[in-house]
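In what follows, a single structure is set out as structure tokens and then discussed.
The values are calculated or read from the model by the stated rules, or taken from the named source; none is laboratory data. Just so it is clear, the model here is predicted, and its values are computed rather than measured. Neighbour counts run over all protein chains shown; Cβ positions are idealised from the backbone, glycine included.
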Amino acid sequence: MNAPMDMRLRIEAAAARYPDQRSAIMPALYIAQKERGVLTGEVLEEVADILGVERIWVYELATFYTLYHTEPVGRFHLQLCNNLSCMLCGAEALQAHMEQVLGIANGGTTEDGLFTMSTVECLGACEMAPVMQVGDDYHGNLDTVRIDDLLAAFRNAERAGDD
Ligand code: FES
């Protein structure tokens, strides 16, 4: 079983940078999510055990931040900011557009499992509002044309990956 050992080693290496293991929970969750895809209760317990911290501390952080997924999400998780700056720059209309073209409501996942769409709090990139985070990337100055282009690019990337 390589994956669990990889995850443990990576978490232990990350945790070694912190004097207090509680401070290592967020990087550990990030690693666990990269390895396992979704932070199930079992994965959260494993993270807590590796760090030797209270399980409730791990659970609290995993469920508080939109960065972490405790439920399965699509291959591309479209996280559209709907905080003040983005709202003033048209995020509401973009959300409606995305819901319509994807055929899902906020928080939903397309039937093909390709896209999950969620609205999130400020992404800290207000200067390029409206902003959407997909994976580790930020996409800013969005309008409906740019959203459509991005969705097409993600679909193409998925198809290319299938070849
Ligand atoms: S309000 Fe959207 S990035 Fe700050």
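Key figures for this structure:
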{"quantity": "Residues (β-branched (Val, Ile, Thr) and away from the ligand (no atom under 16 Å from the Cβ)) located in region 97-121", "calculated": "VAL101, ILE104, THR109, THR110, THR116"}
{"quantity": "Subset of region 135-163 that is at pLDDT below 95 and among the aliphatic types (A, V, I, L, M) - its residue that is farthest from ILE31 (Cα to Cα)", "calculated": "ALA160"}
{"quantity": "Matching residues in region 125-139 - criterion: being within 9 Å of the ligand (Cβ to nearest atom) and surrounded by fewer than 18 Cβ atoms within 10 Å (Cβ to Cβ)", "calculated": "ALA125, CYS126, GLU127, MET128, TYR138"}
{"quantity": "So PRO130, is it farther than 17 Å from ALA157 by Cβ and more than 17 Å from the chain's Cα centre (by Cα)", "calculated": "yes"}
{"quantity": "Unmet criterion (only one of (1) touching a residue at least 24 places away in the same chain (Cβ under 8 Å); (2) under 14 Å from the mean Cα position of the chain (by Cα)) for TYR138", "calculated": "(1)"}
{"quantity": "Unmet criterion (only one of (1) closer than 23 Å to ILE31 by Cα; (2) modelled with pLDDT of 95 or more; (3) surrounded by fewer than 17 Cβ atoms within 10 Å (Cβ to Cβ)) for PHE115", "calculated": "(3)"}
{"quantity": "Residue check for LEU94: in the same structural domain as TYR138 (by TED's automatic domain parsing), within 16 Å of the ligand (Cβ to nearest atom) and in contact with a helix residue (DSSP H, G or I) (Cβ under 8 Å, 6 or more places away or on another chain)", "calculated": "yes"}
{"quantity": "Qualifying position, being in contact with a His (Cβ under 6 Å, 6 or more places away or on another chain) and outside the structural domain of MET117 (by TED's automatic domain parsing), among VAL53, VAL38, VAL47", "calculated": "VAL38"}
{"quantity": "Residue match in region 54-61 (condition: over 18 Å from ASP137 (Cβ atoms) and touching a Lys or Arg at 6+ places or on another chain (Cβ under 8 Å))", "calculated": "yes"}
{"quantity": "Odd one out for ILE50 among (1) touching a helix residue (DSSP H, G or I) at 6+ places or on another chain (Cβ under 6 Å); (2) at pLDDT below 95", "calculated": "(2)"}
{"quantity": "Condition met for GLY124 (among the small types (Gly, Ala, Ser), within 27 Å of GLY161 (Cβ to Cβ) and free of Cβ contacts under 8 Å to residues at least 12 places away in the same chain)", "calculated": "no"}
{"quantity": "Residue check, GLU45 out of contact with any strand residue (DSSP E or B) (no Cβ under 6 Å at 6 or more places or on another chain) and either in contact (Cβ under 8 Å) with a residue 60 or more places away in the chain or over 26 Å from GLY107 (Cβ atoms) (or both)", "calculated": "no"}
